[in-house]
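Report on the structure given below.
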Amino acid sequence: MQERLEELKQEALSKVEAASTLKELQDVKVAYLGKKGPITEVLRGMGKLSAEERPIVGQLANDVRAAITEELEKKQEIVERAAVEEKLAAEAIDVTLPGRAVNQGNRHPLTAVIEEIEDLFLGMGYSIAEGPEVEQDYYNFEALNLPKNHPARDMQDSFYITEEILLRTHTSPVQARTMEAHEGKGPVKVICPGRVYRRDTDDATHSHQFTQIEGLVVDENIRMSDLKGTLQTFAKKMFGEDREIRLRPSFFPFTEPSVEMDISCFKCGGHGCNVCKGTGWIEILGAGMVHPNVLEMSGFDSKKYTGFAFGMGPERIAMLKYGIDDIRHFYQNDIRFLKQFKRV
Ligand code: FA5
(Lines give C-alpha, C1' and ligand atoms only; values in the text may rest on other atoms or scores of the structure.)
Protein backbone atom coordinates (compact mmCIF):
# COMPACT_ATOMS: atom_id res chain seq x y z
CA MET A 1 0.00 0.00 0.00
CA GLN A 2 2.85 2.31 0.82
CA GLU A 3 4.38 1.52 -2.51
CA ARG A 4 1.09 2.17 -4.25
CA LEU A 5 0.88 5.60 -2.54
CA GLU A 6 4.44 6.43 -3.53
CA GLU A 7 3.64 5.43 -7.11
CA LEU A 8 0.51 7.58 -7.16
CA LYS A 9 2.51 10.52 -5.83
CA GLN A 10 5.13 10.21 -8.57
CA GLU A 11 2.43 9.79 -11.20
CA ALA A 12 0.48 12.83 -10.01
CA LEU A 13 3.56 15.01 -9.69
CA SER A 14 4.72 14.20 -13.21
CA LYS A 15 1.22 15.05 -14.53
CA VAL A 16 1.33 18.36 -12.64
CA GLU A 17 4.72 18.99 -14.17
CA ALA A 18 3.39 18.25 -17.66
CA ALA A 19 0.20 20.35 -17.29
CA SER A 20 0.34 23.71 -18.99
CA THR A 21 -3.19 25.06 -18.53
CA LEU A 22 -5.49 25.70 -15.56
CA LYS A 23 -7.92 23.19 -17.04
CA GLU A 24 -5.25 20.44 -17.13
CA LEU A 25 -4.28 21.19 -13.51
CA GLN A 26 -7.92 21.00 -12.46
CA ASP A 27 -8.19 17.61 -14.20
CA VAL A 28 -5.13 16.32 -12.30
CA LYS A 29 -6.61 17.58 -9.03
CA VAL A 30 -9.93 15.85 -9.63
CA ALA A 31 -8.24 12.66 -10.85
CA TYR A 32 -5.88 12.25 -7.85
CA LEU A 33 -7.40 14.12 -4.95
CA GLY A 34 -11.10 13.88 -5.81
CA LYS A 35 -13.59 11.69 -3.92
CA LYS A 36 -13.35 9.00 -6.55
CA GLY A 37 -9.57 9.33 -6.87
CA PRO A 38 -7.03 6.56 -6.10
CA ILE A 39 -5.77 8.15 -2.86
CA THR A 40 -9.25 8.22 -1.40
CA GLU A 41 -9.54 4.65 -2.56
CA VAL A 42 -6.38 3.71 -0.65
CA LEU A 43 -7.66 5.45 2.47
CA ARG A 44 -10.90 3.56 2.24
CA GLY A 45 -9.04 0.24 2.24
CA MET A 46 -7.19 1.10 5.48
CA GLY A 47 -9.72 -0.84 7.53
CA LYS A 48 -8.08 -3.99 6.34
CA LEU A 49 -4.70 -2.96 7.70
CA SER A 50 -3.21 -3.92 11.06
CA ALA A 51 -3.33 -1.43 13.94
CA GLU A 52 0.43 -0.76 13.61
CA GLU A 53 0.32 -0.19 9.86
CA ARG A 54 -2.77 2.07 9.90
CA PRO A 55 -1.19 5.29 11.32
CA ILE A 56 1.87 4.89 9.12
CA VAL A 57 -0.19 4.51 5.97
CA GLY A 58 -2.57 7.27 7.12
CA GLN A 59 0.36 9.61 7.69
CA LEU A 60 1.86 8.71 4.33
CA ALA A 61 -1.46 9.25 2.50
CA ASN A 62 -1.75 12.68 4.09
CA ASP A 63 1.82 13.51 3.13
CA VAL A 64 1.16 12.42 -0.46
CA ARG A 65 -1.99 14.56 -0.57
CA ALA A 66 -0.12 17.56 0.85
CA ALA A 67 2.76 17.11 -1.60
CA ILE A 68 0.41 16.92 -4.61
CA THR A 69 -1.64 19.88 -3.35
CA GLU A 70 1.48 21.97 -2.85
CA GLU A 71 2.81 21.21 -6.32
CA LEU A 72 -0.61 21.90 -7.86
CA GLU A 73 -0.74 25.32 -6.19
CA LYS A 74 2.80 26.19 -7.24
CA LYS A 75 2.11 25.16 -10.81
CA GLN A 76 -1.22 27.04 -10.81
CA GLU A 77 0.57 30.24 -9.85
CA ILE A 78 3.14 29.73 -12.63
CA VAL A 79 0.42 29.07 -15.22
CA GLU A 80 -1.58 32.13 -14.10
CA ARG A 81 1.47 34.40 -14.23
CA ALA A 82 2.34 33.09 -17.69
CA ALA A 83 -1.23 33.84 -18.86
CA VAL A 84 -1.00 37.43 -17.58
CA GLU A 85 2.39 37.89 -19.22
CA GLU A 86 1.11 36.51 -22.49
CA LYS A 87 -1.85 38.92 -22.36
CA LEU A 88 0.41 41.87 -21.61
CA ALA A 89 2.72 40.92 -24.46
CA ALA A 90 -0.23 40.68 -26.85
CA GLU A 91 -1.51 44.11 -25.77
CA ALA A 92 1.87 45.82 -25.85
CA ILE A 93 1.85 49.24 -27.48
CA ASP A 94 4.82 50.40 -29.44
CA VAL A 95 5.05 53.99 -28.28
CA THR A 96 7.82 54.66 -30.75
CA LEU A 97 5.48 54.24 -33.76
CA PRO A 98 4.64 57.51 -35.50
CA GLY A 99 1.15 58.84 -34.49
CA ARG A 100 -1.81 59.07 -36.85
CA ALA A 101 -2.74 62.68 -37.64
CA VAL A 102 -6.10 63.72 -36.13
CA ASN A 103 -8.45 65.37 -38.60
CA GLN A 104 -9.21 68.71 -37.04
CA GLY A 105 -12.34 70.62 -38.00
CA ASN A 106 -12.66 74.38 -38.14
CA ARG A 107 -15.48 76.86 -38.01
CA HIS A 108 -17.56 77.37 -41.13
CA PRO A 109 -16.53 80.69 -42.75
CA LEU A 110 -20.09 81.99 -42.41
CA THR A 111 -20.23 81.12 -38.70
CA ALA A 112 -16.85 82.82 -38.25
CA VAL A 113 -18.09 86.03 -39.92
CA ILE A 114 -21.33 86.04 -37.91
CA GLU A 115 -19.37 85.57 -34.68
CA GLU A 116 -16.97 88.35 -35.68
CA ILE A 117 -19.90 90.74 -36.26
CA GLU A 118 -21.55 89.65 -32.99
CA ASP A 119 -18.31 90.25 -31.04
CA LEU A 120 -17.96 93.66 -32.59
CA PHE A 121 -21.45 94.78 -31.53
CA LEU A 122 -21.24 93.09 -28.12
CA GLY A 123 -18.15 95.27 -27.64
CA MET A 124 -20.31 98.33 -28.36
CA GLY A 125 -22.78 97.38 -25.63
CA TYR A 126 -25.38 95.53 -27.70
CA SER A 127 -26.99 92.30 -26.56
CA ILE A 128 -28.17 89.45 -28.78
CA ALA A 129 -31.87 88.80 -29.39
CA GLU A 130 -33.36 85.88 -31.29
CA GLY A 131 -36.76 85.13 -32.77
CA PRO A 132 -38.57 82.28 -34.54
CA GLU A 133 -37.83 81.36 -38.15
CA VAL A 134 -41.45 80.26 -38.59
CA GLU A 135 -43.04 83.65 -38.05
CA GLN A 136 -46.44 85.31 -37.96
CA ASP A 137 -47.37 87.58 -40.85
CA TYR A 138 -48.04 90.23 -38.20
CA TYR A 139 -44.39 90.47 -37.01
CA ASN A 140 -42.79 89.86 -40.41
CA PHE A 141 -44.86 92.52 -42.18
CA GLU A 142 -47.72 94.26 -40.40
CA ALA A 143 -45.88 95.41 -37.27
CA LEU A 144 -43.20 96.76 -39.62
CA ASN A 145 -45.62 99.10 -41.35
CA LEU A 146 -46.37 96.69 -44.17
CA PRO A 147 -50.12 96.09 -44.07
CA LYS A 148 -51.70 93.32 -46.14
CA ASN A 149 -51.59 94.07 -49.87
CA HIS A 150 -48.89 96.72 -49.41
CA PRO A 151 -46.90 96.76 -52.68
CA ALA A 152 -43.55 96.76 -50.81
CA ARG A 153 -44.29 93.16 -49.71
CA ASP A 154 -43.19 92.21 -53.22
CA MET A 155 -39.62 93.19 -52.28
CA GLN A 156 -39.54 90.02 -50.18
CA ASP A 157 -41.45 87.14 -51.75
CA SER A 158 -42.29 84.66 -48.99
CA PHE A 159 -42.83 80.97 -48.29
CA TYR A 160 -46.28 80.88 -46.66
CA ILE A 161 -47.32 77.99 -44.43
CA THR A 162 -50.83 79.31 -43.83
CA GLU A 163 -52.41 82.71 -44.58
CA GLU A 164 -50.99 84.03 -41.31
CA ILE A 165 -47.78 82.03 -40.86
CA LEU A 166 -44.68 82.11 -43.03
CA LEU A 167 -40.92 81.52 -43.01
CA ARG A 168 -39.55 84.91 -42.04
CA THR A 169 -38.12 86.88 -44.96
CA HIS A 170 -35.79 89.01 -42.85
CA THR A 171 -34.64 89.39 -39.23
CA SER A 172 -36.64 92.62 -38.80
CA PRO A 173 -39.57 90.83 -37.05
CA VAL A 174 -37.19 90.37 -34.10
CA GLN A 175 -37.15 94.21 -33.87
CA ALA A 176 -40.91 94.26 -33.38
CA ARG A 177 -40.82 91.37 -30.88
CA THR A 178 -37.98 92.95 -28.88
CA MET A 179 -39.70 96.35 -28.68
CA GLU A 180 -42.97 94.70 -27.66
CA ALA A 181 -41.13 92.84 -24.86
CA HIS A 182 -39.70 96.17 -23.59
CA GLU A 183 -43.28 97.43 -23.03
CA GLY A 184 -42.60 100.97 -24.21
CA LYS A 185 -39.49 101.50 -22.07
CA GLY A 186 -36.07 102.27 -23.54
CA PRO A 187 -33.25 101.85 -24.02
CA VAL A 188 -33.26 98.96 -26.50
CA LYS A 189 -29.90 97.97 -28.00
CA VAL A 190 -29.82 94.61 -29.72
CA ILE A 191 -28.51 92.70 -32.70
CA CYS A 192 -30.56 89.82 -34.05
CA PRO A 193 -28.69 87.19 -36.08
CA GLY A 194 -30.54 84.34 -37.77
CA ARG A 195 -31.69 82.43 -40.82
CA VAL A 196 -34.20 83.91 -43.26
CA TYR A 197 -36.02 82.58 -46.34
CA ARG A 198 -37.18 84.10 -49.61
CA ARG A 199 -38.63 82.83 -52.84
CA ASP A 200 -35.52 84.01 -54.67
CA THR A 201 -34.01 81.94 -57.46
CA ASP A 202 -30.59 80.65 -56.42
CA ASP A 203 -27.68 82.19 -58.32
CA ALA A 204 -24.16 83.42 -57.55
CA THR A 205 -25.38 86.16 -55.19
CA HIS A 206 -28.85 84.96 -54.15
CA SER A 207 -30.04 82.03 -52.09
CA HIS A 208 -33.57 81.02 -51.04
CA GLN A 209 -32.20 80.54 -47.52
CA PHE A 210 -29.55 82.85 -46.12
CA THR A 211 -28.61 84.70 -42.92
CA GLN A 212 -29.11 88.25 -41.76
CA ILE A 213 -28.04 90.32 -38.80
CA GLU A 214 -30.39 93.03 -37.68
CA GLY A 215 -29.45 95.91 -35.42
CA LEU A 216 -31.86 98.04 -33.38
CA VAL A 217 -31.33 100.94 -31.00
CA VAL A 218 -34.27 102.78 -29.42
CA ASP A 219 -33.91 105.49 -26.79
CA GLU A 220 -34.55 109.16 -26.22
CA ASN A 221 -32.59 111.44 -28.58
CA ILE A 222 -31.30 108.78 -30.97
CA ARG A 223 -30.35 110.53 -34.20
CA MET A 224 -29.27 109.76 -37.73
CA SER A 225 -25.71 110.76 -36.73
CA ASP A 226 -25.71 107.94 -34.14
CA LEU A 227 -26.59 105.49 -36.92
CA LYS A 228 -23.86 106.89 -39.16
CA GLY A 229 -21.22 106.71 -36.40
CA THR A 230 -22.19 103.13 -35.56
CA LEU A 231 -22.04 102.00 -39.19
CA GLN A 232 -18.71 103.77 -39.68
CA THR A 233 -17.21 101.96 -36.67
CA PHE A 234 -18.58 98.67 -37.96
CA ALA A 235 -17.16 99.20 -41.48
CA LYS A 236 -13.69 100.12 -40.22
CA LYS A 237 -13.48 97.22 -37.77
CA MET A 238 -14.79 94.72 -40.31
CA PHE A 239 -13.02 95.88 -43.47
CA GLY A 240 -10.05 97.98 -42.30
CA GLU A 241 -9.34 101.40 -40.82
CA ASP A 242 -9.06 103.10 -44.23
CA ARG A 243 -12.67 102.36 -45.15
CA GLU A 244 -14.98 105.29 -45.89
CA ILE A 245 -18.74 104.88 -45.82
CA ARG A 246 -21.43 106.48 -47.93
CA LEU A 247 -25.16 106.58 -47.21
CA ARG A 248 -27.53 106.67 -50.18
CA PRO A 249 -31.27 107.41 -49.89
CA SER A 250 -33.35 104.25 -50.16
CA PHE A 251 -36.75 102.91 -49.14
CA PHE A 252 -37.88 100.48 -46.46
CA PRO A 253 -41.45 100.78 -45.13
CA PHE A 254 -40.21 100.33 -41.54
CA THR A 255 -37.63 103.14 -41.57
CA GLU A 256 -37.91 106.84 -42.42
CA PRO A 257 -35.60 108.12 -43.72
CA SER A 258 -34.09 104.94 -45.17
CA VAL A 259 -30.59 104.51 -46.51
CA GLU A 260 -28.30 101.99 -48.08
CA MET A 261 -24.71 101.96 -46.91
CA ASP A 262 -21.76 101.52 -49.24
CA ILE A 263 -18.15 101.15 -48.19
CA SER A 264 -15.18 102.34 -50.21
CA CYS A 265 -13.76 99.35 -52.07
CA PHE A 266 -11.17 97.56 -49.94
CA LYS A 267 -9.50 96.05 -52.97
CA CYS A 268 -8.81 99.14 -55.08
CA GLY A 269 -9.24 101.78 -52.37
CA GLY A 270 -11.96 103.51 -54.40
CA HIS A 271 -10.33 103.77 -57.84
CA GLY A 272 -12.54 101.12 -59.45
CA CYS A 273 -11.92 97.39 -59.95
CA ASN A 274 -13.75 94.11 -60.58
CA VAL A 275 -14.91 93.78 -56.93
CA CYS A 276 -16.65 97.20 -56.91
CA LYS A 277 -17.60 96.91 -60.59
CA GLY A 278 -15.61 100.03 -61.39
CA THR A 279 -17.58 102.32 -59.03
CA GLY A 280 -15.17 102.41 -56.08
CA TRP A 281 -18.05 101.57 -53.71
CA ILE A 282 -19.60 98.32 -52.44
CA GLU A 283 -23.15 98.06 -51.09
CA ILE A 284 -23.19 96.46 -47.62
CA LEU A 285 -26.51 96.94 -45.83
CA GLY A 286 -29.88 98.66 -45.49
CA ALA A 287 -30.68 100.96 -42.58
CA GLY A 288 -32.72 103.93 -41.38
CA MET A 289 -34.49 105.68 -38.53
CA VAL A 290 -37.26 103.49 -37.08
CA HIS A 291 -40.59 104.64 -38.56
CA PRO A 292 -42.87 106.28 -35.93
CA ASN A 293 -45.67 103.86 -36.89
CA VAL A 294 -43.38 100.91 -36.05
CA LEU A 295 -42.49 102.42 -32.67
CA GLU A 296 -46.17 103.05 -31.86
CA MET A 297 -47.33 99.58 -33.00
CA SER A 298 -44.76 97.99 -30.67
CA GLY A 299 -45.82 100.11 -27.70
CA PHE A 300 -43.29 102.99 -27.80
CA ASP A 301 -44.28 106.66 -27.60
CA SER A 302 -42.83 108.05 -30.86
CA LYS A 303 -42.86 111.59 -29.44
CA LYS A 304 -40.50 110.56 -26.67
CA TYR A 305 -38.47 107.81 -28.34
CA THR A 306 -36.56 107.58 -31.59
CA GLY A 307 -34.38 104.80 -32.91
CA PHE A 308 -32.31 103.42 -35.75
CA ALA A 309 -32.17 100.00 -37.34
CA PHE A 310 -30.00 98.26 -39.88
CA GLY A 311 -29.95 94.86 -41.57
CA MET A 312 -27.11 93.10 -43.33
CA GLY A 313 -26.41 89.78 -45.05
CA PRO A 314 -23.37 87.99 -43.56
CA GLU A 315 -23.01 85.83 -46.72
CA ARG A 316 -22.45 88.91 -48.86
CA ILE A 317 -20.06 90.34 -46.25
CA ALA A 318 -18.09 87.08 -46.10
CA MET A 319 -17.99 86.97 -49.91
CA LEU A 320 -16.51 90.46 -50.05
CA LYS A 321 -14.10 89.90 -47.21
CA TYR A 322 -12.67 86.64 -48.56
CA GLY A 323 -13.16 87.12 -52.30
CA ILE A 324 -15.73 84.29 -52.61
CA ASP A 325 -17.43 84.51 -56.00
CA ASP A 326 -20.48 82.30 -55.46
CA ILE A 327 -22.84 82.26 -52.45
CA ARG A 328 -23.63 78.57 -53.07
CA HIS A 329 -20.15 77.59 -51.82
CA PHE A 330 -21.39 78.29 -48.28
CA TYR A 331 -24.06 75.60 -48.46
CA GLN A 332 -22.42 72.81 -50.47
CA ASN A 333 -20.07 71.58 -47.73
CA ASP A 334 -17.22 71.00 -50.18
CA ILE A 335 -14.32 70.18 -47.89
CA ARG A 336 -11.82 71.76 -50.33
CA PHE A 337 -13.63 75.09 -49.93
CA LEU A 338 -14.09 74.85 -46.16
CA LYS A 339 -10.45 73.88 -45.51
CA GLN A 340 -9.27 77.21 -46.87
CA PHE A 341 -10.62 79.01 -43.80
CA LYS A 342 -8.47 77.23 -41.21
CA ARG A 343 -7.31 80.27 -39.33
CA VAL A 344 -10.55 82.28 -39.52
C1 FA5 B 1 -33.98 93.83 -45.55
O2 FA5 B 1 -34.18 92.63 -45.45
C3 FA5 B 1 -34.28 94.76 -44.41
N4 FA5 B 1 -35.00 94.05 -43.38
C5 FA5 B 1 -32.98 95.35 -43.88
C6 FA5 B 1 -33.22 96.52 -42.97
C7 FA5 B 1 -33.28 96.30 -41.62
C8 FA5 B 1 -33.40 97.79 -43.48
C9 FA5 B 1 -33.53 97.38 -40.75
C10 FA5 B 1 -33.64 98.87 -42.64
C11 FA5 B 1 -33.68 98.63 -41.28
P12 FA5 B 1 -32.87 93.67 -47.90
O13 FA5 B 1 -34.00 93.00 -48.58
O14 FA5 B 1 -32.12 94.69 -48.69
O15 FA5 B 1 -33.32 94.40 -46.59
O16 FA5 B 1 -31.87 92.57 -47.37
C17 FA5 B 1 -30.77 92.89 -46.54
C18 FA5 B 1 -29.51 92.11 -46.96
O19 FA5 B 1 -29.80 90.74 -47.06
C20 FA5 B 1 -28.99 92.50 -48.33
O21 FA5 B 1 -28.16 93.61 -48.26
C22 FA5 B 1 -28.24 91.26 -48.72
O23 FA5 B 1 -26.95 91.30 -48.17
C24 FA5 B 1 -29.01 90.16 -48.07
N25 FA5 B 1 -29.87 89.45 -49.01
C26 FA5 B 1 -31.06 89.80 -49.49
N27 FA5 B 1 -31.56 88.85 -50.32
C28 FA5 B 1 -30.65 87.84 -50.33
C29 FA5 B 1 -30.58 86.56 -50.98
N30 FA5 B 1 -31.57 86.09 -51.73
N31 FA5 B 1 -29.47 85.81 -50.77
C32 FA5 B 1 -28.48 86.24 -49.96
N33 FA5 B 1 -28.49 87.43 -49.34
C34 FA5 B 1 -29.55 88.23 -49.51
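Filtering segment 187-207 to residues that are more than 7 Å from the ligand (Cβ to nearest atom) and within 26 Å of the chain's Cα centre (by Cα) leaves Val190, Ile191, Cys192, Pro193, Gly194, Arg195, Val196, Tyr197.
Across segment 162-183, the number of residues qualifying as part of a loop (DSSP other than H, G, I, E, B), surrounded by fewer than 22 Cβ atoms within 10 Å (Cβ to Cβ) and modelled with pLDDT of 95 or more comes to 2.
Tell me which residues, restricted to segment 241-274, are farther than 19 Å from Phe310 by Cα, touching a strand residue (DSSP E or B) at 6+ places or on another chain (Cβ under 6 Å) and in contact (Cβ under 8 Å) with a residue 24 or more places away in the chain. Let's see the steps before the verdict.
Pass one, segment 241-274, residues farther than 19 Å from Phe310 by Cα: 241-242, 265-274.
In the following step, the residues that additionally are touching a strand residue (DSSP E or B) at 6+ places or on another chain (Cβ under 6 Å) were identified as 265, 270.
Across segment 241-274, the qualifying residue is only Gly270.
Selection of first residues in segment 138-161 that are among the hydroxyl-bearing types (Ser, Thr, Tyr) and of second residues that are within 12 Å of the ligand (Cβ to nearest atom) and at pLDDT 90 or above, restricted to Cβ pairs under 6 Å at least 6 apart or on distinct chains, gives the following pairs, ordered by first then second residue: Tyr139/Pro173; Tyr139/Ala176; Ser158/Thr169. Take Lys228 and decide whether it is more than 16 Å from the ligand (Cβ to nearest atom) and surrounded by 15 or more Cβ atoms within 10 Å (Cβ to Cβ). Spelling it out, it is not the case that Lys228 is more than 16 Å from the ligand (Cβ to nearest atom) and surrounded by 15 or more Cβ atoms within 10 Å (Cβ to Cβ). Taking residues in segment 275-286 that are touching a residue at least 40 places away in the same chain (Cβ under 8 Å), and partners anywhere that are within 15 Å of the ligand (Cβ to nearest atom), the pairs with Cβ atoms closer than 6 Å and at least 6 places apart or on different chains are Ile284/Met261; Ile284/Ile263; Leu285/Met261; Leu285/Phe310; Leu285/Met312.
Out of the residues in segment 40-73 that are over 13 Å from Leu5 (Cα atoms) and of a type in the set (A, V, I, L, M, F, W, C), state the one that is farthest from the chain's Cα centre (by Cα). Once the filter is applied, the top-ranked residue is Ala51. Out of Glu241, Glu183, Glu214, Glu163, one residue alone is near the ligand (Cβ under 9 Å from one of its atoms) and of a type outside the set (S, T, N, Q). It is Glu214. Please verify whether segment 232-240 includes one or more residues that are surrounded by fewer than 19 Cβ atoms within 10 Å (Cβ to Cβ), touching a residue at least 60 places away in the same chain (Cβ under 8 Å), among the hydroxyl-bearing types (Ser, Thr, Tyr) and at negative phi. Yes, segment 232-240 contains at least one residue that is surrounded by fewer than 19 Cβ atoms within 10 Å (Cβ to Cβ), touching a residue at least 60 places away in the same chain (Cβ under 8 Å), among the hydroxyl-bearing types (Ser, Thr, Tyr) and at negative phi.
Only residues that are away from the ligand (no atom under 16 Å from the Cβ) and within 36 Å of the chain's Cα centre (by Cα): list them for segment 263-313, please. Within segment 263-313, Cys265, Phe266, Lys267 meet the criteria.
For Pro147, the criteria (1) modelled with pLDDT of 95 or more; (2) over 31 Å from the mean Cα position of the chain (by Cα); (3) surrounded by fewer than 20 Cβ atoms within 10 Å (Cβ to Cβ) hold in every case but one, which is (1).
A quick yes/no check of all residues on (1) of a type in the set (Ser, Thr, Tyr); (2) farther than 26 Å from His182 by Cβ:
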| position | (1), (2) |
| --- | --- |
| Leu295 | no, no |
| Phe310 | no, no |
| Tyr322 | yes, yes |
| Lys339 | no, yes |
| Lys342 | no, yes |
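The values are calculated or read from the model by the stated rules, or taken from the named source; none is laboratory data. What you are looking at is a predicted structure, and each value in this text was computed from that prediction instead of being measured. Glycine also receives a Cβ, built like all others from the backbone with ideal geometry; neighbour counts cover every protein chain displayed.
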